[in-house]
Amino acid sequence: MSLETAIRLTEILLSIALIQQSLEHLSGLRDEIPHYLCRLGLSVLLLAGVQTQWVSLLLFVNALLLLRRFQGPYNGGSDLLSILLITALAAVHFVPEGRWQEYVLGYLGLQVVFSYFKSGWSKVIHRDWRTGQALVDVFEFSVYPASEATRRWASRPRLLCAAGWAVILLELLFPLALLSPAALTIFLVLAMSFHVANFVLFGFNRFVWVWAASYPSLIWLEARLDLLG
């Protein structure tokens with residue numbers, strides 16, 4: 001994947017993620033609606049490829065204003081990744097073309113890899129995750145809109161323990177995705193399956209598109225490392 005293609009795919013997928021987020025807030029509090037109307041309009045322009053340099057800069061300013069409005073990331077991990085992607089896009093359009101753009105996209109890809117690893121590390125150091133109790137609690141007591149059929153999974157602790165370890169190992173081993181195109185494909189399919197499963201089971205809809213938007217940088221980075229090797 002070329003640098004230009006990776007940047008454009010990131011713009012398209014991030015636009016979809018931001019449009020989704022913006023639409024969710026249009027029925028929110030009065031003082032937040034203008035921010036998200038602005039984000040919605042800018043995201044549509046980014047999706048269409050209109051003045052992407054300046055649109056990405058305005059999205060960065062919009063992200064800063066939203067951080068101030070909510071006194072930090074509004075929705076945890078998905079907002080943090082959105083901010084990282086917006087910042088990287090703004091930077092990649094304003095640094096000199098060529099090597100500096102590669103540095104920015106490479107940094108983005110490495111941050112995505114690290115975020116998976118960090119998530120796995122934060123789980124494995126806690127006993128409840130190692131024993132499976134953490135997932136039992138998630139399914140039994142989750143405040144998210146889980147169905148009764150989903151909550152009944154809490155009565156299968158051994159299965160949830162195995163599922164928890166599968167997630168931990170996927171996240172801890174994610175850096176191995178950069179070893180080869182085949183490894184990257186396997187890890188991206190597994191990771192996206194995990195995000196889709198969270199959406200189906202708990203309604204975590206924001207994670208699907210925003211994580212998908214981070215994958216072009218990973219695909220480009222792995223190919224770039226292959227060339228260097």
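Ser27 falls short on exactly one of the conditions (1) among the hydroxyl-bearing types (Ser, Thr, Tyr); (2) more than 18 Å from Ala212 (Cβ to Cβ); (3) assigned to a helix (DSSP H, G or I), and that condition is (3).
When segment 162-186 is filtered for residues that are part of a loop (DSSP other than H, G, I, E, B) and at pLDDT 95 or above, only Leu173 remains.
Name the residues in segment 49-82 that are in contact with a helix residue (DSSP H, G or I) (Cβ under 8 Å, 6 or more places away or on another chain), outside any loop (DSSP other than H, G, I, E, B) and within 24 Å of Thr5 (Cβ to Cβ), would you? Across segment 49-82, the qualifying residues are Thr52, Gln53, Val55, Ser56, Leu57, Leu58, Leu59, Phe60, Leu81, Ser82.
In segment 133-161, the qualifying residues are those that are among the aliphatic types (A, V, I, L, M) and at pLDDT 75 or above, and the one that is farthest from the chain's Cα centre (by Cα) is Leu159.
Among the conditions (1) of a type outside the set (Ser, Thr, Tyr); (2) surrounded by fewer than 19 Cβ atoms within 10 Å (Cβ to Cβ); (3) modelled with pLDDT of 85 or more, the only one that Glu24 does not satisfy is (3).
Let's see how each residue does on (1) over 13 Å from the mean Cα position of the chain (by Cα); (2) basic (Lys, Arg):
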residue: Arg39; (1), (2): yes, yes
residue: Leu46; (1), (2): yes, no
residue: Val50; (1), (2): yes, no
residue: Trp100; (1), (2): yes, no
residue: Phe114; (1), (2): no, no
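Condition (residue is over 24 Å from Val210 (Cα atoms), at pLDDT below 85 and in a helix (DSSP H, G or I)) applied to segment 95-117: is it met by at least one residue? The answer is no; no qualifying residue exists.
The values are calculated or read from the model by the stated rules, or taken from the named source; none is laboratory data. Bear in mind the structure is a predicted one, so any value in this text is a computation, not a measurement. Ideal geometry is used to build each Cβ from the backbone, glycine not excepted, and the neighbour counts take in all protein chains shown.
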